[in-house]
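Here is the structure we will look at, set down as structure tokens.
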Amino acid sequence: RNALVHLGAEVVTASTPDQLDSAEKIVLPGVGAFGAGINALRETGFEAPIIQAAKAGTPLLGICLGMQYLFDSSDEMGDHRGLGLLPGRVTRFPKNSLKVPHMGWNQFHIKQQNPLLDGITDGAYAYFVHSYYVEASEPSDVLATTDYGIDYASVVARGNIYGIQPHPEKSQAVGLRILKNFVEMK
């Protein structure tokens, strides 16, 4: 919120689902675990309006867990259905020598250009905090990957639907640029 305000965006934190009806753009943040978070979206009545807005063409940006919500399902805290706006699944990082959660600075490996990534160079660093990652079913939805023992989708897009795994508010100039790109999209 503070980063968006800093960029000059008019920000309304929706407290009721009907507030999304007039939104020019929607940012879907996420903190915590998939199961609890997606259930909270459903219980508070936000699921259907988010899906309707995205299908109607309203630009939607999912951040961190918010990006993961965009996909079909997750196995975090059991098996949970996501918003189904992008095909794919969210799953836990494999057990290997790397610490989970993936926490700290890591790089984007840009796979395709998109206005969301204008001004972001291949190899740019962003700040990550997550234990689960997206396995996107459609390679064409993946704008950038990040290597943490495996290459996984860290920036995704399809039409008006966007998602970024790192925290832009903690990613300094790179994160602010991504948010600015989203805010300035037509």
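Given only helices, namely DSSP H runs of n ≥ 4 each adding -39500 (n - 2.57), what is the per-residue ellipticity at 222 nm of the chain, to the nearest 500 deg cm²/dmol?
Computed mean residue ellipticity for the chain: -6000 deg cm²/dmol.
What part of the accessible area of segment 15-145, given as a whole %, is carbon or sulfur when the probe is 1.4 angstrom?
Carbon and sulfur atoms account for 51 percent of the accessible area of segment 15-145.
Determine the dipole magnitude for segment 1-102: charges of +1 sit on the beta-carbon of Lys and Arg, -1 on that of Asp and Glu, nothing else is charged, the reference point is the Cα centre, and the result goes in debye to the nearest 20.
440 debye
Please calculate how many Å² of accessible area the chain carries per residue, with a 1.4 Å probe and no DNA, RNA or ligand atoms counted.
I get 49 Å² per residue for the chain.
I'm spelling it out carefully: the read-out is Rg/Rh (Cα atoms, Kirkwood Rh), the candidates are (i) 1.03; (ii) 1.05; (iii) 0.93, and one was derived from this structure. Which label?
Answer by label: (iii).
Going by the alpha-carbon gyration tensor, a ≥ b ≥ c the square roots of its eigenvalues, is segment 114-186 rounded (a/c under 1.5) or, if a/c is not under 1.5, prolate (a/b greater than b/c) versus oblate?
Oblate is the answer for segment 114-186, as a/c is 1.5 or above yet b/c matches or exceeds a/b.
With every protein chain left in place and a probe of 1.4 Å, what is the accessible surface of Thr44, to the nearest 10 Å²?
Its accessible surface works out to 80 Å², give or take rounding.
Quick one: which of 61-74, 149-162 comes out on top by average Cβ neighbours within 10 Å, and what's the full order, highest first?
61-74, 149-162
With springs only between Cα atoms under 10 Å, which of Val129, Val12, Val100 fluctuates most in a Gaussian network model of the chain?
Between Val129, Val12, Val100, it is Val12 that shows the largest mean-square fluctuation.
Give the lysines reachable from Lys180 as a straight Cα distance under 22 Å; neighbours fewer than 8 places away on the same chain don't count.
Excluding near neighbours in sequence, the set is Lys25, Lys111, Lys170.
Using a 1.4 Å probe and counting only protein heavy atoms, arrange Glu184, Glu43 so the residue with the most accessible area comes first.
Glu43, Glu184
The values are calculated or read from the model by the stated rules, or taken from the named source; none is laboratory data. Quick caveat: nothing in here was measured; it's all calculated off a predicted structure. Heads up, the Cβs are rebuilt from the backbone with ideal geometry, glycines too, and the neighbour counts pull from every protein chain shown. Side chains included, ligands, DNA and RNA excluded: accessible areas come from the protein's heavy atoms. Shrake-Rupley method; radii C 1.70, N 1.55, O 1.52, S 1.80 Å.
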